[in-house]
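Trainee: The structure is given below, and queries will be raised subsequently.
Bear in mind that the values in this text are calculations on the coordinates, not laboratory data. Remember, it's a predicted structure, so these values are computed and weren't measured experimentally. Methodologically, a virtual Cβ is constructed for each residue, glycine included, from the backbone with ideal geometry; neighbour enumeration extends over all protein chains shown.
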Amino acid sequence: QIQLVESGGGLVQPGGSLKLSCAASVDISTLHRVGWYRQVAGKERELVATISRGGLINYGDSVKERFSVSSDTVKNTVSLHMNILKPEDTAVYYCYVAGPWTDYWGQGTQVTVSS
């Protein structure tokens, strides 16, 4: 069982920035993929950004050029730097890892972009 603990969500004004962090209970360098998804109530969970074990980074179309994902294999953390935030970025953000046999999700952290 892999534990994921997210932090850093909150309320931010449009145009602002926010950083999310996810601490994993395992060595993330052994995982196939790590990253972030988000979900708005009543809608499907959507890709924000992922990093593969080979270092390939994939961003959702709506966040390209504004968000940046990174991982630290010493601290076993995955971070999401969000810039130029828009009201439509409001969602619950979930840390995600692809383990050996299944996927794991964090508990989610709320990000609200509003003036």
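Trainee: If we scan the stretch 22-37, do we find a residue that is of a type in the set (A, V, I, L, M), in contact (Cβ under 8 Å) with a residue 24 or more places away in the chain, part of a loop (DSSP other than H, G, I, E, B) and surrounded by 19 or more Cβ atoms within 10 Å (Cβ to Cβ)?
Mentor: Start the filter on the stretch 22-37 by keeping residues that are of a type in the set (A, V, I, L, M), which leaves 23-24, 26, 28, 31, 34.
After this cut, where a residue has to be in contact (Cβ under 8 Å) with a residue 24 or more places away in the chain as well, the list is 23-24, 26, 28, 31, 34.
Retained after the next criterion (residues that are part of a loop (DSSP other than H, G, I, E, B)): 26, 31.
Filter once more, so that each one left must be surrounded by 19 or more Cβ atoms within 10 Å (Cβ to Cβ): 31.
The answer is yes; a qualifying residue exists.
Trainee: Another question about this same structure. Based on this model, can you work out whether LYS64 counts as surrounded by fewer than 12 Cβ atoms within 10 Å (Cβ to Cβ) and not acidic (Asp, Glu)? I'd like the intermediate steps shown before the answer.
Mentor: Values: surrounded by fewer than 12 Cβ atoms within 10 Å (Cβ to Cβ): yes; not acidic (Asp, Glu): yes.
Yes: the conditions hold for LYS64.
Trainee: Continuing with the same structure: Can you tell me which residues in the stretch 1-21 are in a loop (DSSP other than H, G, I, E, B) and under 21 Å from ARG33 (Cβ atoms)?
Mentor: Within the stretch 1-21, the subset in a loop (DSSP other than H, G, I, E, B) is 1-3, 8-9, 13-17.
Hits for the stretch 1-21 are GLN1, ILE2, GLN3, GLY8.
Trainee: Out of the residues in the stretch 38-59 meeting the condition of being basic (Lys, Arg) and in contact (Cβ under 8 Å) with a residue 40 or more places away in the chain, tell me which one is surrounded by the fewest Cβ atoms within 10 Å (Cβ to Cβ). Show your work before the answer.
Mentor: Applying the first criterion (basic (Lys, Arg)) to the stretch 38-59 yields 38, 43, 45, 53.
Still in the list and also in contact (Cβ under 8 Å) with a residue 40 or more places away in the chain: 38, 45.
Working: ARG38: 24, ARG45: 15.
Among them, the one singled out is ARG45.
Trainee: A follow-up question, please. Just give me the residues in the stretch 77-103 being crowded, with 19+ Cβ neighbours inside 10 Å and closer than 13 Å to ILE2 by Cβ, in sequence order.
Mentor: Within the stretch 77-103, VAL78, CYS95, TYR96, VAL97 meet the criteria.
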